[in-house]
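For reference, the structure is listed below as structure tokens.
The values are calculated or read from the model by the stated rules, or taken from the named source; none is laboratory data. The structure presented is a predicted model; accordingly, all values stated were derived computationally and were not measured. Cβ placement follows ideal geometry from the backbone for every residue including glycine, while neighbour counts extend to all protein chains displayed.
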Amino acid sequence: MNKKAIFIFFLCFLLLNTIFNLSADQRAENIEIYLVLDKSLSMIEEIESVKEYVTENIINKIVLEGDYFLLVPFYGKTDESFNGYVKSKNDIKTLQNHIIKIEADGHYTDIGNALNFLRKNIITDNELSRKYMLLITDGKQEAPPDSIFYSPDGSFNHDFLVNTKEIQKEGWKIVVLGIGTETAAKEIAEELSAGYTNVSAISTKEEIAITLDNFLGRLDLVSLEHIIKLDKSGIGNLDLEIESTGYTDTEEITINKINMNNVNILNSPLTVSIEKEETIKISIPVNVPLQEEDYTTDLVFVFEGENSFSPAFLNVYIQNSKGIPFYYYIIIIIVISFISYFALRIWQRKKMKNDNNSNESDYEKI
């Protein structure tokens, strides 16, 4: 091999090494990662692929020193696991060992309890750091009878819904990964205002990695102050500004519903495309119940597919139509009536005076 070939080979090696290092350590800020992992008995065939994916694609490729990581393995109960800042390579190794030890050996699937455990055990208070949650499950909400999240038909009860609303407010990026065909990933994602996707029960770690290849990509609302101005029929527009970061390509986001007090005010589902590292403005037609006065209320977004924006819970100011109120018409009618009455009286008096003058003139002639 001549010197020129060796030189080219060396340059290629340096380039590949640089690219690899950039892909692993390109973040300039630390983040918080919450992994909520179903370890119920029904996951027994899928758990190894999931563990391999988590180890190789999240812990080895995403987690950096200084990140906060909370691992929540759950079934009918929730196990204690890794919870804290990753301060060194030893912590990353400890986290890997926690993943390796997870076995699919539990009864029931209490997602509500897992989310409740997560919220109560967060030990970071950095409001500015970006938060990512990945929930992996192959089933539906199936809490044991002694759980506060239990319901006979497996539906989401009041306690579950209250718990998820608190998460929605905090601007987390949440992704629900459903394993197999019996999963309720879509229903869970709807309650969490999250993105969701499904893979088959026999998926490999590589297939899961392809499905979740944009885990760190985010769509965030730029402004959190919103006003909806309504016309007389209650129709208005919700204007949003959405920023895309961390994606490698154009992404689509579909807003399926906008719930206000459990009523969908979105006229029809809306899909928009966002280029990577782009900020776009969209105007969403909505139909909002009219009230006598302006008011504030909460909106909860429901998404279709794997993409969602954060936060998905907004407080908005509803500005009703400023047409003339009904009582103004009554006042106007009364004023016009008074004016008409006095005008008529003046006319009558003037006519009477003219008649009198005419009679006096006729009398003088006689």
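Do you know which of the residues in region 86-104 that are touching a Lys or Arg at 6+ places or on another chain (Cβ under 8 Å) and not charged (D, E, K, R) is surrounded by the fewest Cβ atoms within 10 Å (Cβ to Cβ)?
Out of the qualifying residues, it is ILE100.
Looking at region 158-173 only, could you name the residues that are touching a residue at least 12 places away in the same chain (Cβ under 8 Å) and not basic (Lys, Arg)?
ASP159, PHE160, LEU161, ASN163, THR164, GLU166, ILE167, GLN168, GLU170, GLY171, TRP172
Can you confirm whether TYR53 is closer than 23 Å to ILE122 by Cβ, in the same structural domain as LEU115 (by TED's automatic domain parsing) and of a type outside the set (Gly, Ala, Ser)?
The answer is no for TYR53.
Can you name the residue in region 138-187 that is under 15 Å from VAL199 (Cα atoms) and of a type in the set (Gly, Ala, Ser) and is also nearest to the chain's Cα centre (by Cα) among such residues?
Per the criteria, the residue is ALA185.
Can you name the helices (runs of 4 or more DSSP H) wholly within region 105-215 that have at least 3 residues being crowded, with 21+ Cβ neighbours inside 10 Å and at pLDDT 90 or above?
In region 105-215, 111-121, 185-192 are the helices (runs of 4 or more DSSP H) which contain 3 or more residues that are crowded, with 21+ Cβ neighbours inside 10 Å and at pLDDT 90 or above.
Among (1) basic (Lys, Arg); (2) in the same structural domain as PRO311 (by TED's automatic domain parsing); (3) more than 25 Å from ASN259 (Cα to Cα), which single condition is LYS205 missing?
(2)
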